[in-house]
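Read through the structure below, which is laid out as structure tokens, and then see the notes.
The values are calculated or read from the model by the stated rules, or taken from the named source; none is laboratory data. Small disclaimer: the values here were computed from a predicted structure and weren't measured. We place every Cβ from the backbone using ideal geometry, glycine too, and count neighbours over all the protein chains shown. Protein only, heavy atoms only, side chains kept; ligands, DNA and RNA dropped before computing areas. Shrake-Rupley method; radii C 1.70, N 1.55, O 1.52, S 1.80 Å.
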Amino acid sequence: MIVYRPIDQLKLDPANPRRHNKKQVRQIANSIELFGLIVAILTDRYGNVIAGHGRLLAAKLLGITEVPTLCLDHLTSAQARAFMIADNRLTETSVWDDRLLAEQLKNLIAARS
């Protein structure tokens, strides 16, 4: 169940191996401004962030005070750590279909006209 929680109740994990530089946080913030914060931040029962560190940093940058969260309290601590890595790593192993990407971008440009 998605629960909106005050941002100051959430804790970034200093052991998260994925780092977000200022440029990327700004890009995430731009996306949030354009589309809204539509992906929940995944936490444990204590408010520790499992996934969504970049979204949380971007929300802070934008002055957002509450964010959507999903508590993964069914995971053990080891499972939560493994998921933290897998959630970031699995997207890196996918590939783009350049033809379909070009088609999507072309359609978006046409829609703006």
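For this structure, a couple of remarks:
- Relative pair counts by distance (%), Cα atoms of the chain, 10 Å bins: 13, 37, 32, 15, 3, 0
- Modelled spin labels at I109 and N30, positioned 7 Å past Cα toward Cβ, are 1.7 nm from each other.
- Extension gain from R19 to L61, taking 0.36 nm per residue of separation minus the Cα-Cα distance: 13.5 nm
- Dividing the summed helix terms, -39500 (n - 2.57) for each DSSP H run of n ≥ 4, by the number of residues in the chain produces a 222 nm estimate of -15500 deg cm²/dmol to the nearest 500.
- Proximal aspartates and glutamates to K60, defined as alpha-carbon separation beneath 17 angstrom and excluding residues fewer than eight positions away on the same chain: D8, D13, E33
- Net charge over other residues, Cβ less than 15 angstrom from the Cβ of T76 (K, R count +1; D, E count -1): 0
- Annotation: the antiparallel percentage among DSSP beta bridges lying fully within the chain is about 65.
- The residues packed around A58, meaning those with a beta-carbon under 12 Å from its beta-carbon, carry a net charge of +4 if Lys and Arg are +1 and Asp and Glu are -1.
- Annotation: amide H of D13 within the under-5 Å range of V49, sequence separation 5 or more or interchain, hydrogens built in the peptide plane.
- Length released on extending from F83 to R5, taking residue separation times 0.36 nm less the Cα-Cα span: 25.9 nm
- Whole-angstrom Cα spans of the stretch 20-73 along principal axes, big to small: 31, 21, 16
- Listed peptides 90-102, 18-30 by packing density, highest first (mean Cβ within 10 Å): 18-30, 90-102
- For the stretch 50-61, the Karplus equation 6.51 cos²θ - 1.76 cosθ + 1.60, evaluated at θ = phi - 60°, returns couplings of 9, 9, x, 4, x, 5, 5, 4, 5, 4, 4, 4 Hz by residue, with Gly and Pro reported as x.
- The fraction of accessible area contributed by carbon and sulfur in the chain is 59 percent, rounded to a whole number (1.4 Å probe; ligands and nucleic acids excluded).
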